[in-house]
1. Quick one: count up the residues across region 21-49 that are in contact (Cβ under 8 Å) with a residue 60 or more places away in the chain and either in a strand (DSSP E or B) or of a type in the set (Gly, Ala, Ser) (or both).
2. Tell me, yes or no, whether region 67-76 has at least one residue that is under 14 Å from ASN21 (Cβ atoms) and either surrounded by 13 or more Cβ atoms within 10 Å (Cβ to Cβ) or hydrophobic (A, V, I, L, M, F, W, C) (or both).
3. Report yes if GLU76 is part of a strand (DSSP E or B), among the charged types (D, E, K, R) and modelled with pLDDT of 95 or more, otherwise no.
4. Filter region 16-53 for residues that are closer than 30 Å to ALA66 by Cβ and among the hydrophobic types (A, V, I, L, M, F, W, C); which is surrounded by the most Cβ atoms within 10 Å (Cβ to Cβ)?
5. So, in region 101-120, of the ones that are of a type outside the set (A, V, I, L, M) and surrounded by 10 or more Cβ atoms within 10 Å (Cβ to Cβ), which residue ends up modelled with the lowest pLDDT?
6. Filter region 79-112 down to residues that are in a loop (DSSP other than H, G, I, E, B) and free of Cβ contacts under 8 Å to residues at least 12 places away in the same chain and give me whichever is nearest to MET18 (Cα to Cα).
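The values are calculated or read from the model by the stated rules, or taken from the named source; none is laboratory data. These numbers come from a predicted model, not from an experiment. Cβ sites come from the backbone with ideal geometry, for glycine too, and all protein chains shown count toward neighbours.
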Amino acid sequence: MEIKPNDYILGMWFAEDMEGNNFLASVKKTTEKWECEYRFRYIKDDNIFDSKDEKSFYRFTVGIEAPEEQVKGAMEMLFKCIKIKYNKFSEAVLVQGNVDKFFKAVEGKPWCNMKKMPLN
């Protein structure tokens, strides 16, 4: 997931199953559209960034005219379905703000292994 300084981040959703496999999703609004990115991670080793885990990435967009409450409701419905299988642990973090608010909201979350990168 890439967050740019002018993006509006709706939130992140994380769920894990009994084997440690997990689901992670994020929704942000750019100047043009709502973007949802999500991935499934199937555990193969204990490494975080240089891992041999299998990952499947997906992305979809919704028109900018969609109201935030509708987008949030759709993500909550999707997450409710995901948690049927990924039922060991789950957490939703609503950010509803900019990148600074995002990093404050996910600080200390062991499942959120994101780093700030230079803007170049």
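1. So the answer is 3.
2. We begin by selecting, within region 67-76, every residue under 14 Å from ASN21 (Cβ atoms); these are none.
No, because not a single residue in region 67-76 is under 14 Å from ASN21 (Cβ atoms) and either surrounded by 13 or more Cβ atoms within 10 Å (Cβ to Cβ) or hydrophobic (A, V, I, L, M, F, W, C) (or both).
3. The answer is no for GLU76.
4. VAL27
5. In this case the residue turns out to be ASN113.
6. PRO110
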